[in-house]
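Here the structure comes first, spelled out in structure tokens, and everything after it is commentary.
The values are calculated or read from the model by the stated rules, or taken from the named source; none is laboratory data. Given the structure is predicted, the values throughout are model-derived calculations rather than measurements. Only protein heavy atoms, including side chains, enter the accessible area calculation; ligands, DNA and RNA are left aside. Shrake-Rupley method; radii C 1.70, N 1.55, O 1.52, S 1.80 Å.
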Amino acid sequence: MVHEVILFGKRAVPLENRAKALSSRSRLNNRMQAMAGDLEFRRRWKHVSYIELWSDAAIFKYDDGSKWYMNIS
């Protein structure tokens with residue numbers, strides 16, 4: 001299974017594009033850029049270890065097993 005990597009700030013996080021669509025990746029990139037000024041998002045981003053990308057949502061997974069869902073539609 002091939003994983004992509006998403007860069008944001010100085011961090012690179014593995015990304016699995018389960019939607020297998022470039023449009024989903026593009027929407028995630030746009031949404032993350034829109035959140036660049038959000039301090040809470042930046043705090044959370046420091047602890048993300050893996051991202052699953054679906055057609056309308058991204059699931060951010062943390063080392064402790066918790067998850068955070070971001071709507072990208």
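Averaging the inverse of every distinct alpha carbon separation and then flipping it gives the Kirkwood radius. What is it for the chain, in angstrom units?
It works out to 12.3 Å.
Give me the percent of the accessible area of the chain that comes from carbon and sulfur atoms, probe 1.4 Å, all protein chains in place.
Taking all protein chains in place, the chain shows 52 percent carbon and sulfur surface.
For I72, enumerate residues with amide H under 5 Å from its amide H, sequence gap 5+ or separate chain, H modeled in the peptide plane.
Amide H neighbours of I72: A57, A58.
Can you list the HN-Hα couplings for the stretch 59-73, worked out from phi with the Karplus curve (6.51, -1.76, 1.60; θ = phi - 60°), rounded to whole Hz and with x for Gly and Pro?
10, 8, 10, 10, 4, 7, x, 6, 9, 9, 9, 10, 6, 10, 7
Averaged per residue, what accessible area in Å² does the chain show with a 1.4 Å probe, protein chains only? Let's see the in-between values first.
On the way: 4740 Å² over 73 residues.
About 65 Å² of surface per residue is accessible.
Select from E16, E52, E40 the residue whose mean-square fluctuation is largest in a Gaussian network model of the chain (Cα-Cα springs shorter than 10 Å).
E40
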